[in-house]
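*Asks:* First the structure, which I've put down as structure tokens, then a few questions once you've had a look.
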Amino acid sequence: MLKIFNKYNEKEKEYFLANMALTMMPHVKSTAEPLISDKEREFRQKFLEELYAKLRLEPDDNSVKSRAIIYDFISRTLSKIALKNSDINKIKDSIGDKGLLRNDSYKIVITPYTKKCIESLGLRAKYIEDAIFRPDIESHFQPGLPGITGNKSVSIYLKTPTSQKSAEIYSILVLSNRTGSTQNVVDAWPIYHSDVEIFNCQSALEVLKVFIDKYGIKFEFASKKTKFIFYDKISLSKDELDDLLKHKRDIRGILRYDRDNYKYSRMDFMFRFEEEPPSLSVAIAFIINIEKLVNDLNKHGLRISVDIFQSGAEVREWC
């Protein structure tokens, strides 16, 4: 900070710099002399003299380039003052929750069970980190329907590792539950391009839909029969809601499918009960046929066992 500001508090510095920045903006034109006191005019002159010296500019240099350098310094100084007394973590959380945080600024969390499932499919945690930090394409979503105020959002990432044999090209699809500046990894899947046609997909969400279309299991959830639910609100009667609430911690009583024919599965399910009006707010819901997926993966020389998926996935309640 410049020495001329030593006797001034943060608000006074901020006020003065904002006024200086305004007068230097190229679109601000005025034929009248600014209404400032002699004392402030003198202060501005001393400020500019010290600033020119600090930035190693010639005192009489009033070129566009010189003014741009000064304006940039004032803008950065204003930002520092504004953030000085702010909670940086809260700012990161706010930006992150909107999906606008720089990718490598997110904290990545993978539960032990999810890590075990991911590794059983031949993926390592560092692959997941690389897909989130340096994705080829990504999609970020937030609750946007009326009445949905949950604090959890969804992010989807796709990364195609380099240095692959042309016949064995695969991509890594990562699904995460975004909370502030934290990415809670929900699942990750290897997708071989010869098995799933993703060439025409324009977004990571489209890739997920194509993947589910091939490996997903049709299920019944409340009044819906489908393979995939994404940010939907399902209306219920009071009796239907009461019945579902009885099974709140028993996924078998909420999401129904032919378990006898699909012994090995992986379920991704985030939802919330709404009592007024009776409804279910669903962030995402789908079930993967692990046996079908593993059969395809093993054709590529992998040696994957389905045993870990026998009990299905953990319940993830969106709240």
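*Asks:* May I ask you to list pairs of residues, at least six apart or on different chains, whose Cβ atoms are under 7 Å apart, with the first in region 53-64 being surrounded by 11 or more Cβ atoms within 10 Å (Cβ to Cβ) and the second being among the polar types (S, T, N, Q)?
*Replies:* 57/66
*Asks:* Same structure, new question: For the structure I just gave you, tell me whether residue 157 is of a type outside the set (A, V, I, L, M), modelled with pLDDT of 90 or more, over 14 Å from the mean Cα position of the chain (by Cα) and buried (at least 18 other Cβ atoms within 10 Å of the Cβ). If you could, list the steps in order and put the result at the bottom.
*Replies:* Details: of a type outside the set (A, V, I, L, M): yes; modelled with pLDDT of 90 or more: yes; over 14 Å from the mean Cα position of the chain (by Cα): no; buried (at least 18 other Cβ atoms within 10 Å of the Cβ): yes.
Taking the combined requirement at face value, the residue does not satisfy it.
*Asks:* Could you name every one of the strands (runs of 3 or more DSSP E) located completely within region 173-268 that has at least 1 residues being among the β-branched types (Val, Ile, Thr) and surrounded by 18 or more Cβ atoms within 10 Å (Cβ to Cβ)? Lay out the reasoning, then the answer.
*Replies:* On the way: elements: 182-192, 219-221, 224-226, 229-235.
So the answer is 182-192, 229-235.
*Asks:* Mind listing whichever residues of region 99-143 are in a loop (DSSP other than H, G, I, E, B) and under 17 Å from residue 191 (Cα atoms)? Spell out how you get there, then give the answer.
*Replies:* Of region 99-143, the ones in a loop (DSSP other than H, G, I, E, B) are 99-102, 106, 110-111, 121-124, 134-136, 142-143.
Passing the criteria: 121, 122, 123, 124, 135, 136.
*Asks:* Would you check if residue 280 is of a type outside the set (Gly, Ala, Ser) and either in a helix (DSSP H, G or I) or out of contact with any Phe, Trp or Tyr (no Cβ under 6 Å at 6 or more places or on another chain) (or both)? Spell out the reasoning first.
*Replies:* Values: of a type outside the set (Gly, Ala, Ser): yes; either in a helix (DSSP H, G or I) or out of contact with any Phe, Trp or Tyr (no Cβ under 6 Å at 6 or more places or on another chain) (or both): no.
When the stated conditions are applied, residue 280 does not pass them.
The values are calculated or read from the model by the stated rules, or taken from the named source; none is laboratory data. Everything numeric here is computed off the predicted structure, so don't read it as measured data. When we count neighbours, we look across all protein chains shown, and the Cβ atoms used for this are built from the backbone with ideal geometry, even at glycine.
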